[in-house]
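Every number here is computed from the coordinates shown, using simple stated rules; none is lab data. Quick caveat, the model's predicted, so the values are computed rather than measured. Note that we place each Cβ from the backbone using ideal geometry, even for glycine, and neighbour counts take in every protein chain shown.
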Amino acid sequence: MLQCEEQVLAASLTQRRPTDATDMKRARTKDTDAMHTRMEWLNGHPFFNGLRPSGMERLADLLMPRAKEKGDYLYQARDVAETLFFITLGQLKLCNFGKDGREVIREVLTAGDIVGETALLGQRLRTDNAVAMSASCLYSLPLTDVLSVMDGNPEFALSVTQCASDRLVRTARRMESLVLHDARTRMLQLIIDLAETYGRVLAGGSVHVTHGLTHFDMGGLTAISRQTVTTLLNELREEGLINFDRRSILVHDPSKLVI
């Protein structure tokens, strides 16, 4: 089972109580190290831009490390939205299931992404399922404490609102694509989005994308069957636009991916 660095540190603090001065000093040192790690992480995450030092210390003290194995649910649709999550390692998907049981993936999130931030805009219940696609580490923060810090910190509140609004815009764009575009266009848009998010530019201008998605996952993101995903990828390869294997795509010339 995956153990995040913070979990190992936290476990070492709770395995036994300090019994003498040396143990107490060791425990305080480990506690200080944990706080320092969390403060550094908060300072480096754009979500916390504009956060004052007092608010930074308060939230750092509330950060809780979590670990999820592949297939574990972080939360389910209709759960009460009371926690924010921040991915530090791994990959999660936000998804729903149709009446026919087919999975529709709304978004795939990776390290640095936030999970559940639309609750900051007043969403009381989760509208999707958050599921680990790989062994993943996260931090969690209580929603009420984040809202409290926002009340006394206008710059932080603006940054948070912008972050949540950006997520809604991305979701609306993806839903629009599903409704208005045909399967080939949706697949091209997915490849473009993956290239922008995960792509590494190679000599000559080609882009190598390591994405970690199965064809089933791609189908869930584009509302296309797994078989059609495979067919479209093969067609794009035959046209000389891409090459691909199980977990990566090579885009030969991004400018030729015309939608």
Dipole of the chain, positive end: most advanced residue of Leu89, Leu51, Leu74 [Cβ charges, Cα centre]: Leu74
Equivalent ellipsoid, the chain (semi-axes from 5 times Cα gyration tensor eigenvalues, Å): 38, 21, 18
Ellipticity estimate at 222 nm from DSSP helix runs (n ≥ 4, -39,500 (n - 2.57)) divided over the chain, nearest 500: -14500 deg cm²/dmol
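So, with +1 on the Cβ of K and R and -1 on the Cβ of D and E, and no other charges, what is the size of the charge dipole of the chain about its Cα centre, to the nearest 20 debye?
Dipole size: approximately 360 debye.
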Cα gyration tensor shape for the stretch 189-239, rounded if a/c is under 1.5, else prolate or oblate: oblate
Dimensionless Rg over Rh [the stretch 129-212; C-alpha; Kirkwood]: 1.09
Amide H within-cut-off set for Asp113, under 5 Å, with H built and near neighbours excluded: Ile87
GluC sites (Glu not before Pro) within the stretch 24-113: DSSP coil, no more than 14 neighbouring Cβ in 10 Å: Glu69, Glu82
The stretch 101-153: trypsin sites (Lys or Arg not before Pro) in DSSP coil with no more than 14 other Cβ atoms inside 10 Å: Arg102, Arg124
Set of aspartates and glutamates near Lys256 by C-alpha distance (under 15 Å), chain-local residues within fewer than 8 positions excluded: Asp193, Glu196, Glu235, Glu238, Glu239
Table column - 3J(HN,Hα) (Hz), the stretch 171-178, Karplus curve with 6.51, -1.76, 1.60, x for Gly and Pro: 5, 4, 5, 5, 5, 4, 4, 5
